[in-house]
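Below you'll find the structure, written out as structure tokens, and then a few comments.
The values are calculated or read from the model by the stated rules, or taken from the named source; none is laboratory data. None of these values were measured; they are calculated from a predicted model. All Cβ positions, glycine included, derive from the backbone under ideal geometry; neighbour counts span all protein chains shown. Quick note on the areas: whole protein, heavy atoms, side chains included, nothing else; ligands and nucleic acids left out. Shrake-Rupley method; radii C 1.70, N 1.55, O 1.52, S 1.80 Å.
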Amino acid sequence: MTSTDTPYPPGFLWGGATAANQVEGAYDEGGKGLSIQDVMPRGLMAPPTDGPTPDNLKLAGIDFYHRYADDIALFAEMGFGVYRFSIAWSRIFPRGDEAEPNEEGLAFYDRVLDECEKHGIEPLVTISHYETPLHLAQTLDGWVSREMVDHYARYARTLFERYGSRVRYWLTFNEINSVLHAPLLSGGILTPKDQLAPTDLYQAIHHELVASALATKIAREVAPDAQIGCMLIAMPTYPMTPAPADALAVMHADHLNLAFGDVHCRGEYPGYLLRHLREIGVELDITDEDRATLRHTVDFVSFSYYMSVCETADPELRQAGAGNIMGGVPNPTLPASEWGWQIDPVGLRVVMNQFWDRWRKPLFIVENGLGAKDELVEVDGVPTVVDDYRIAYLNDHLVQVGEALRDGVEVLGYTTWGCIDCVSASTAQMSKRYGFVYVDRHDDGSGTLARHRKKSFGWYREVIRTNGGSLVG
Ligand code: BG6
């Protein structure tokens, strides 16, 4: 492929993504309150602690709070046209229930936006990325409570009023469909998952969906140029065998994921979800006002893509996949990362076509990447990582994005996950690295925090420079 026959359209937004809780650190600076992440030192691997503990790598993160200007300059050096970051809710409303925001927190993101603007980088802001204020989790059990809708709406309104003229692209909730599987991470729900009644879980989901639509409604009023997107985990599901029962198992699994996009794009609950709720005996409290709010649909659909899975109706073939929070059965034909996430570039094209065919909204791929153990070496006296495995992973996925573009799918842009190494969401490790930039910090908390360009840094710069023309496929 040469730059003249690239399928990527002019103006395609290339960049990278991070989340506040995984990079910022400074967990108690600038008036910030605690978030659920400050008591999750093992991510999803162990229950939360009573308070912040020294072994929680997220408390210091990669010190983006103090180094944001240098880090954004590195993104600019790669040619980023877009940088996706999240705002830490507990920096703006430290407990979550205050009437007035914390000015110091707001001012921090003004400075981040200043840096983006200085380099001509378009910001893409996630309003809530797995970082519910801890106080709201402790006092309300997170999104189980309807009160969360008001707290979130006040927070979203504050952001739109403050940054609405500077930020065009907004995401309401990171991976909103993950709440089914990770209620604390995604819903701020402290009740352990195995003790959570289905009615409470689905009511929490309903509250998040209403809050998401309410954010869209508020944005239309106070930030008319804003483009609002939902954000989903995209996980194409294949039947394990050709048995019709397996096709049905795929349909059911798909429905539970796609329902979130259906509500965001169509403005109402799909019939199959209402049936599912009836069958599991869940009666939701849905008001007429909720129904009216849900009518405020999104402008675009964003998603993360890491893996596909299989489904089957055969209990003997059903075994959980390693490291996969969303369930599903491992695919015997696919390789996996060191953390058991199965690698399937073609699945990205499949899911992009599925989303486009279903919703006809522009797509934004806001996470994709390979978590791997990197080794820092010296090449010509310069510390670096020779991450050919990451280059191969990203190349192969981007070739499939190109195929989807040729299929006619409309795509706004692509941001790799963890464009700079950060603390993992699922395992809370530093050693699960995704970045183009190596950060000298380790699982035991040691390290200088120095930044080093990996081999993939130059590779991605070339991909961006050629608008995908340098991809090999
Ligand atoms: C997504 C999240 O699930 O995947 C990110 O939105 C997360 O926050 C990313 O970091 C990769 O997952 P992990 O567990 O490898 O960090």
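Quick one: if the Förster radius is 45 Å, what FRET efficiency do THR287 and GLU316 give, using the C-beta to C-beta distance and rounding to 0.05? Walk me through the numbers on the way to the answer.
On the way: r = 44 Å, r/R0 = 0.99.
FRET efficiency, THR287 to GLU316: 0.50.
Give the carbon-plus-sulfur fraction of the accessible surface of the chain in %, rounded to a whole number; probe 1.4 Å, heavy atoms of protein chains only. Before the final figure, lay out the partial values.
Numbers: 9160 of 17560 Å².
Result for the chain: 52 percent of the exposed heavy-atom area is carbon or sulfur.
Compare the peptides 220-229, 412-421 by average per-residue count of other Cβ atoms within 10 angstrom and give them in order, highest first. Before the final figure, lay out the partial values.
Numbers: 220-229: 16.8, 412-421: 25.2.
Output ranking for 220-229, 412-421: 412-421, 220-229.
Using modelled backbone amide H atoms (1.01 Å from N, in-plane), which distant-in-sequence or interchain residues come within less than 5 Å of GLY435's amide H?
Under 5 Å from the amide H of GLY435: ASP421, CYS422.
Once you have a ≥ b ≥ c as the square roots of the Cα gyration tensor eigenvalues for the stretch 13-465, tell me rounded if a/c is under 1.5, and otherwise prolate or oblate according to whether a/b is larger than b/c. Don't skip to the answer; put the middle values down first.
Values: a/c = 1.37, a/b = 1.10, b/c = 1.24.
Rounded shape, in that the Cα axes give a/c under 1.5.
List the residues, sorted by chain then number, that are 5 or more residues from THR416 or on another chain and whose placed amide H is less than 5 Å from its amide H.
Distant-sequence amide H within range of THR416: GLY15, GLY16, ALA17.
Roughly how many nanometres apart are two label points built 7 Å out from the Cα toward the Cβ at TYR389 and HIS252?
With each label placed 7 Å out from Cα toward Cβ, I get 3.6 nm.
Can you tell me what share of the DSSP beta bridges in the chain is antiparallel? A percent to the nearest 5 is fine. Spell out each step's value before the answer.
On the way: 10 of 47 bridges.
Among the beta bridges of the chain, antiparallel pairing accounts for roughly 20 percent.
Need one number: nm distance between label points at ARG275 and ALA73, each 7 Å from Cα along Cα→Cβ, rounded to one decimal.
About 5.9 nm separates the two model spin labels.
Excluding TYR27 itself, what net charge comes from residues whose Cβ is under 9 Å from its Cβ, given Lys and Arg +1 and Asp and Glu -1?
On the way: positive: LYS32, LYS58; negative: GLU24, ASP28, GLU29, ASP38.
Summing Lys and Arg as +1 and Asp and Glu as -1 gives -2.
Just grab the label-to-label distance for THR448 and ASP50, each label 7 Å out from Cα along the Cβ direction, in nm (one decimal).
3.9
I'd like the distance separating the alpha-carbon centroids of the stretch 197-276 and the stretch 37-76, in whole Å.
Computed from Cα coordinates, the inter-centre distance equals 29 Å.
So, for the stretch 13-465, what is the accessible surface per residue at a probe of 1.4 Å, expressed in square angstrom? The partial results should precede the final answer.
Working: 16500 Å² over 453 residues.
Dividing the accessible area of the stretch 13-465 by its residue count gives 36 Å².
Could you list which residues have their amide H under 5 Å from that of THR126, counting only those 5 or more apart in sequence or on another chain, with H placed in the peptide plane?
PHE85, SER86, ILE87, LEU171
Under a Cβ-Cβ cut-off of 13 Å, what is the net charge of the residues other than LEU376 that fall near it, where Lys and Arg count +1 and Asp and Glu count -1?
Details: positive: LYS373, ARG433, ARG441, ARG451, ARG453, LYS454, LYS455; negative: ASP374, GLU375, GLU378, ASP387, ASP421, ASP440.
Cβ neighbours under 13 Å give a net charge of +1.
At 222 nm, what helix-only mean residue ellipticity would the chain give, in deg cm²/dmol to the nearest 500, using -39500 (n - 2.57) for each DSSP H run of four or more? Walk me through the numbers on the way to the answer.
Details: 14 runs with 177 residues, N = 473.
Estimated from H runs of four or more residues: -12000 deg cm²/dmol.
Under 13 Å from a point placed 7 Å out from the Cα of ARG465 along the Cα-to-Cβ direction: which residues of the stretch 68-83 have their backbone N that close?
Correct set: 77-80.
Per-residue counts of other Cβ atoms within 10 Å, averaged by peptide: what ranking do you get for 277-288, 435-446, highest first? Intermediate values should be presented prior to the final figure.
Numbers: 277-288: 11.4, 435-446: 19.0.
Top to bottom by mean Cβ count within 10 Å: 435-446, 277-288.
Which parts of the stretch 285-302 would a label at GLU268 reach, counting a residue when its backbone N lies under 17 Å from a point 7 Å out along Cα-to-Cβ?
Flagged as within label range: 286-298.
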